[in-house]
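Okay, structure first, notes after.
What follows is calculated from the coordinates using simple rules that are stated; it is not laboratory data. Here the structure is a predicted model, which is why all the values come from computation and not from measurement. Note: ideal-geometry Cβ built from the backbone for every residue, glycine included; neighbour counts use all protein chains shown.
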Amino acid sequence: MRVAADQADFVPSNLYSIAEAQFYPDACSQAIYNAAGQMVGYALFGRDDETQQWKIFRIMIDAAHQGQGYGRAAMQQLIELLRQRAGAQPILICYKADNAVAQSLYASLGFVEQSIDERKGHGAARMTVDSKSNQPLHIAVIVVSFNTCDLLRTCLQSIYEAGPTGFDPAPNLTVIVIDNASHDGSSHMVAAEFPPKPLSSP
């Protein structure tokens, strides 16, 4: 299993991860399967050496199976699994700072970015869960635009592609676009390509 070529710098190979896990007593390698019993991904989690808190070190979905919601579903199951072990303690996660898709996915699940290691290019985020529920917070993303139609399209595509279907934002994510009277077609592009949906109460 391999990620897409343009994602190769974001996550080590599974062979490396499996080998690395042998040196940490609390590390756990987890295969990810779809409903048909086909292996579609891999995850590695365990206790963080410095904080002793539970941490998702990495997760990957094979390139051939991306865009089908497996990453989000796997993350939700990992969070539930670690919630049982962590109790009221935070769950940590790390990722490459320039991996915008992963960052958006983790944020939509309730992780809050804590820091960016500029030297190594790594980001760190954490989610606080309790012993009763791991429901994530509802998140609103506000995008302000003025005559940046192409950039706005790219931004919204990144947000939508991180959702469970690859075509809609996550259920707990509200996207608000504020356009400052652009005259480059931005508002028409948003209406045509990212049509608004009615808000619903939780």
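Label separation (Phe23 vs Ala4): 3.2 nm, computed from points 7 Å beyond Cα along the C-beta direction.
Need the full-extension length gain, Arg153 to Ala181, defined as separation in residues times 0.36 nm minus the C-alpha distance. One decimal, nm. Let's see the in-between values first.
On the way: separation 28, 0.36 × 28 = 10.08 nm, distance 1.63 nm.
Fully extending the segment from Arg153 to Ala181 adds 8.4 nm.
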